[in-house]
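The values are calculated or read from the model by the stated rules, or taken from the named source; none is laboratory data. Bear in mind the structure is a predicted one, so any value in this text is a computation, not a measurement. Note that each Cβ is placed from the backbone with ideal geometry, even for glycine, and that neighbours are counted across all protein chains shown. Just so you know, the surface numbers come from the protein's heavy atoms only, side chains and all, with ligands and any DNA or RNA stripped out. Shrake-Rupley method; radii C 1.70, N 1.55, O 1.52, S 1.80 Å.
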Amino acid sequence: MEFDAPPSTAAAWMPALFAITLLPFAALLPILWSGPASALVVIAGVALALSLLLLAVWRRLKQPMRYQIVRGSLIVPAHFQPVRVSLANARVTVGPGSGWRVAGTAIPPFLLGTFADRHGLFHAAATAEAGVWVHGDRRVFVSPADTPAFVTALVDAGANPPGNLQS
């Protein structure tokens, strides 16, 4: 069973940031052909690398975030390998997600990666500030577009029902 997250609003301004980052590289390109200028080569290389990184992040922001419930596990997207959380006796709560980024992408409201709060580390794959917490063998925070249907599917797959279900 698959559930989509709401579309991220963070992707709208990423092309402008990409263009602004790429401008120094484009401006320095003619100078690079005129002779050896090692400092300019380093600056241009850094600008190009940053631009490519921003392009990769922007492409990820444009993709729909999808959560899967398969054979008693919740599969949540991540940058490299999807995160799998066992739903057997997992605790589910509904509410806001907050914390600080340890690794990954945090362009509010788009969160993807490892974050920390006062309870420890958790994996977030969300496009909204409110969502669903799943406390299984790992803690994850997700933001499905249809929270009640998602929670019902989690409970049907073996998770404990929440006491604070809100729409």
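Can you tell me which residue among Ala149, Ala153, Ala103, Ala159 is farther than 18 Å from Ala5 by Cα and modelled with pLDDT of 90 or more? None of the other options fit; the residue is Ala159. Quick one: count up the residues across region 135-146 that are farther than 17 Å from Asp4 by Cβ and in a strand (DSSP E or B). Of the residues in that region, 2 qualify. When Leu55, Leu32, Leu50, Leu23 are screened for being in a helix (DSSP H, G or I), at pLDDT 65 or above, more than 19 Å from the chain's Cα centre (by Cα) and farther than 23 Å from Thr147 by Cβ, only Leu23 passes. Against the list (1) of a type in the set (Gly, Ala, Ser); (2) surrounded by fewer than 16 Cβ atoms within 10 Å (Cβ to Cβ); (3) outside any strand (DSSP E or B), the condition Ala153 fails is (2).
Would it be correct to say that Met65 is at pLDDT 65 or above, open to solvent by 80 Å² or more (accessible area, probe 1.4 Å) and closer than 30 Å to Gly158 by Cα? Give the steps one after another, and end with the answer.
Working: at pLDDT 65 or above: yes; open to solvent by 80 Å² or more (accessible area, probe 1.4 Å): no; closer than 30 Å to Gly158 by Cα: yes.
So Met65 fails the test.
Going by what's in this entry, would Phe115 be described as surrounded by 17 or more Cβ atoms within 10 Å (Cβ to Cβ) and within 16 Å of Asp4 (Cβ to Cβ)? Spelling it out, it is not the case that Phe115 is surrounded by 17 or more Cβ atoms within 10 Å (Cβ to Cβ) and within 16 Å of Asp4 (Cβ to Cβ). Please go through region 83-112 and pick out each residue that is open to solvent by 30 Å² or more (accessible area, probe 1.4 Å) and under 20 Å from Gly158 (Cα atoms). Across region 83-112, the qualifying residues are Arg84, Ser86, Ala88, Asn89, Arg91, Thr93.
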